[in-house]
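Heads up: the structure comes next, in structure tokens.
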């Protein structure tokens, strides 16, 4: 069994994982906050704890948590006896991210289909757009089912 990671090892992991999230389209500061909260033993942290551990300003934390709350990846709560806000990362945050991405695929599909109407289904462009719309529908359906299966076999804690 391995020993407890050092603070430096935790920071390295957080920055490395935040980089992966950023490369996937998550804004940099939000990615750093998500990655740090993901490795919090309780899954909760205060703004001050986030700022200190990430070595960033309170306003940077504020902007990131506001964005993460808006997309329902984290929640704000008050712990009994505390006057500070605590932020909690969803246990299923990555399923939630994929659900949002899947919803975007539905928007892509609808938009591409409007192009089919514009150019006509029997044109080269219309056929290309139809093929892409069918691809989006296929991926969206499979991803919806995978997320449902995941949640059925891994109920929220």
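Provide a single number: the residues in region 45-62 that are in contact (Cβ under 8 Å) with a residue 24 or more places away in the chain, surrounded by 17 or more Cβ atoms within 10 Å (Cβ to Cβ) and closer than 17 Å to residue 82 by Cα.
Number of matching residues: 3.
For residue 119, indicate whether it is surrounded by 14 or more Cβ atoms within 10 Å (Cβ to Cβ), within 26 Å of residue 97 (Cα to Cα), more than 22 Å from the chain's Cα centre (by Cα) and at pLDDT 95 or above.
Spelling it out, it is not the case that residue 119 is surrounded by 14 or more Cβ atoms within 10 Å (Cβ to Cβ), within 26 Å of residue 97 (Cα to Cα), more than 22 Å from the chain's Cα centre (by Cα) and at pLDDT 95 or above.
Give me a count of the residues in region 99-135 that are over 27 Å from residue 26 (Cα atoms) and part of a helix (DSSP H, G or I).
Of all residues in region 99-135, those over 27 Å from residue 26 (Cα atoms) come to 113-131.
Then keep just the ones that are part of a helix (DSSP H, G or I); that gives 113-119, 124-131.
The total comes to 15.
Looking at residue 85, is it at pLDDT below 95 and in contact with a strand residue (DSSP E or B) (Cβ under 6 Å, 6 or more places away or on another chain)? First the steps, then the outcome.
Numbers: at pLDDT below 95: yes; in contact with a strand residue (DSSP E or B) (Cβ under 6 Å, 6 or more places away or on another chain): yes.
So residue 85 fits the description; yes.
Provide a single number: the residues in region 136-157 that are assigned to a helix (DSSP H, G or I) and either touching a residue at least 12 places away in the same chain (Cβ under 8 Å) or exposed (fewer than 10 other Cβ atoms within 10 Å of the Cβ) (or both). Give the steps one after another, and end with the answer.
Let us first name the residues in region 136-157 that are assigned to a helix (DSSP H, G or I), namely 136-153.
Subsequent filtering for residues that are either touching a residue at least 12 places away in the same chain (Cβ under 8 Å) or exposed (fewer than 10 other Cβ atoms within 10 Å of the Cβ) (or both) retains 136-137, 139-140, 143-144, 147, 150-153.
Residues meeting the conditions: 11.
Are any of the residues in region 75-98 in a loop (DSSP other than H, G, I, E, B), over 30 Å from residue 139 (Cα atoms), in contact (Cβ under 8 Å) with a residue 12 or more places away in the chain and not assigned by TED's automatic domain parsing to the domain that holds residue 136?
Keep residues of region 75-98 that are in a loop (DSSP other than H, G, I, E, B), which gives 79-84, 90-92.
Now narrow it down to the ones that are over 30 Å from residue 139 (Cα atoms): 79-84.
Subsequent filtering for residues that are in contact (Cβ under 8 Å) with a residue 12 or more places away in the chain retains 79, 84.
Still in the list and also not assigned by TED's automatic domain parsing to the domain that holds residue 136: 79, 84.
Yes - at least one qualifying residue is present in region 75-98.
Report, by residue number, each residue of region 13-44 that is buried (at least 19 other Cβ atoms within 10 Å of the Cβ) and either on the phi > 0 side of the Ramachandran plot or part of a helix (DSSP H, G or I) (or both). Full working, then the answer.
So the first thing to find is which residues in region 13-44 are buried (at least 19 other Cβ atoms within 10 Å of the Cβ), and the list is 14, 18, 21, 26, 29-37.
Result: 14, 18, 21, 29, 30, 31, 32, 33, 34, 35, 36, 37.
The values are calculated or read from the model by the stated rules, or taken from the named source; none is laboratory data. Remember, predicted model here, so these are calculated numbers, not experimental data. Counting neighbours? That spans all protein chains shown, and the Cβs are built from the backbone with ideal geometry, glycine included.
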